[in-house]
Amino acid sequence: MCCRKQRVQDGVDALQDELLALSHFIHHHPETGLKEFQAVNQITSLLKRHHVDSQIGLCGLETAFIATVEGCGPGPHVALLAEYDALAGIGHGCGHNVIATCAAGAFLSASSVMAELPGRVSLIGTPAEETYGGKCTLVQQGAFDDVDFALMIHPTAAHSLINRSGRAVATITVKFIGASAHSAHPQTGINALSAAIELFNGIDRIRPTLLLSDNINGVILDGGHAANVIPGETICSFCARSCRMLELEDLVASVRRVAEASAAMIGVQMEFCVENMLYERYPNLPMSEAFRANMALLGEEMEYADPQKLYGSSDIGNVSIYVPIIHDYLRISTRDGVNEHSQDFARDAISPRADEICIKGAKGLAMTAVDLFENAGLRERILQYHKEHVPASYRKGPQRQRGAGSGNSRRLDI
């Protein structure tokens with residue numbers, strides 16, 4: 001093992017108490033998307049104690065941040081990505097406290113050897129993955145314009161996996177506006193709840209026309225407040241998933257048509273809002289294999305993800321179409337049958353096994369960062385893989401030669 005890889009491991013070991021304290025604090029103080037002020041304060045305070053300043057409020061997001069340590073000259077820009085938002089009503093049932101801790105530990109340990117390496121390493125705090133999709137805004141606003149490689153891990157209840165894909169997803173909000181009335185005289189009102197019911201029924205009717213890989217699930221956020229009042233306004237929310245953005249756009253258009261038809265049938269007004277659309281994920285296999293090899297040195301065996309399986313979604317997909325990424329999975333559950341996004345998984349995210357992964361994950365990410373700085377051949381393979389696997393139609397706008405450490409900016413219009 002190279003000297004620097006051993007040194008970054010030693011660096012993580014020296015930080016162990018602080019890193020586990022960070023993980024436990026974030027876990028015990030869950031904050032939902034765009035409200036992660038305590039988490040950001042804890043992470044940036046840790047960096048400050050180790051003489052690294054942070055820019056908080058990146059790209060206009062109050063709970064996004066970036067911290068950067070320069071190397072000894074021009075070279076690649078490697079970014080470690082942190083997530084730290086919790087699930088409403090559940091807490092850290094997705095284990096983002098582990099993600100943040102691994103990224104912070106990897107960043108600080110990699111920073112300790114940057115004086116000997118060309119390039120720079122950054123820690124980018126990316127808020128609201130579960131809801132708003134903070135990485136979408138960060139990509140749109142140029143936070144990744146000069147990043148060459150982006151790395152993060154994600155805890156899982158199942159097998160430790162590399163090269164896992166993810167589907168495109170959109171959150172759709174539909175609001176129907178009718179007219180409220182006393183239920184004794186329903187003819188004097190226009191029932192917005194009836195339009196919402198028609199919308200759900202209409203979506204069920206079109207399901208046979210959808211692709212087998214499409215999912216659409218919805219809830220009524222506001223359907224009225226009293227049975228003796230005709231609801232004058234209702235709000236519905238839907239999560240729509242497809243394998244690719246192209247199919248997702250078609251799915252969203254189908255939902256819009258059903259919503260328009262439902263509004264016309266009942267005679268209500270309709271507002272249709274699509275929030276940040278998350279692209280499908282393009283994991284970078286050569287970079288994942290480098291991470292897998294490093295984790296094997298740490299005693300953690302990882303498997304290849306099933307390319308035929310339908311997985312979930314994440315805003316890392318928007319980064320992956322622009323920058324080579326890894327978003328590999330490390331198991332923190334010691335019991336079988338645990339579902340992610342659950343109270344059981346939230347408990348696992350603070351377990352001794354999760355603490356172990358906080359340290360090993362930080363080491364594996366830091367060791368992979370060292371590989372990227374030291375190995376020009378690996379960088380070339382990564383960039384070639386990215387070019388071959390990400391559809392060219394997604395890469396809009398001027399592109400620079402990746403991995404050369406150039407300061408030229410580029411922007412992707414998503």
> Which one of 96, 24, 92 is over 19 Å from residue 341 (Cβ atoms) and not hydrophobic (A, V, I, L, M, F, W, C)?
Replying inline: 24
>> Quick check on my filter: what residues within the range 300-318 are touching a residue at least 40 places away in the same chain (Cβ under 8 Å) and farther than 21 Å from residue 124 by Cβ?
In response: 300, 301, 302, 303, 304, 305, 307, 310, 311, 312
>> Restricting to the range 11-34, name every residue that is open to solvent by 60 Å² or more (accessible area, probe 1.4 Å), charged (D, E, K, R) and free of Cβ contacts under 8 Å to residues at least 40 places away in the same chain.
In response: 17
>> Quick check on the range 273-281. Is at least one of its residues among the acidic types (Asp, Glu), outside any helix (DSSP H, G or I), open to solvent by 30 Å² or more (accessible area, probe 1.4 Å) and at pLDDT 95 or above?
In response: no
>> On the basis of being part of a loop (DSSP other than H, G, I, E, B) and without any contact (Cβ under 8 Å) to a residue 24 or more places away in the chain, does residue 337 make the cut?
In response: yes
> Just to be sure, is residue 227 modelled with pLDDT of 95 or more and surrounded by fewer than 16 Cβ atoms within 10 Å (Cβ to Cβ)?
Replying inline: yes
>> Please go through the range 221-248 and give me each residue that is under 14 Å from residue 275 (Cβ atoms) and in a helix (DSSP H, G or I), ordered by number.
In response: 248
> Taking strands (runs of 3 or more DSSP E) that fall entirely within the range 109-220, which contain at least 1 residues that are farther than 30 Å from residue 84 by Cβ, modelled with pLDDT of 95 or more and in contact with an Asp or Glu (Cβ under 7 Å, 6 or more places away or on another chain)?
Replying inline: 168-177
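Only one of 249, 260, 233 is crowded, with 17+ Cβ neighbours inside 10 Å and of a type in the set (Asp, Glu). Can you tell me which? Before you say what the answer is, go through the steps one by one.
Details: 249 fails: crowded, with 17+ Cβ neighbours inside 10 Å; 260 fails: crowded, with 17+ Cβ neighbours inside 10 Å.
233 is the lone residue from the list that is crowded, with 17+ Cβ neighbours inside 10 Å and of a type in the set (Asp, Glu).
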>> Take the residues in the range 114-144 that are buried (at least 21 other Cβ atoms within 10 Å of the Cβ) and among the β-branched types (Val, Ile, Thr); name whichever of them is farthest from residue 321 (Cα to Cα).
In response: 121
> Does the range 349-363 hold any residues that are part of a helix (DSSP H, G or I) and either touching a Phe, Trp or Tyr at 6+ places or on another chain (Cβ under 6 Å) or crowded, with 24+ Cβ neighbours inside 10 Å (or both), and which are they?
Replying inline: 354, 357, 358, 361, 362, 363
>> When you scan the range 379-387, do you find a residue that is out of contact with any helix residue (DSSP H, G or I) (no Cβ under 7 Å at 6 or more places or on another chain), open to solvent by 10 Å² or more (accessible area, probe 1.4 Å) and farther than 15 Å from residue 148 by Cβ, even just one?
In response: no
> residue 311 versus (1) open to solvent by less than 30 Å² (accessible area, probe 1.4 Å); (2) at pLDDT 95 or above: which is the lone unmet condition?
Replying inline: (2)
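The values are calculated or read from the model by the stated rules, or taken from the named source; none is laboratory data. Here the structure is a predicted model, which means the values were calculated and not measured. With ideal geometry, Cβ positions are generated from the backbone for all residues, glycine too; neighbour counts draw on all protein chains shown. Side chains are part of the model used for accessible areas, which takes the heavy atoms of the whole protein and leaves out ligands, DNA and RNA. Shrake-Rupley method; radii C 1.70, N 1.55, O 1.52, S 1.80 Å.
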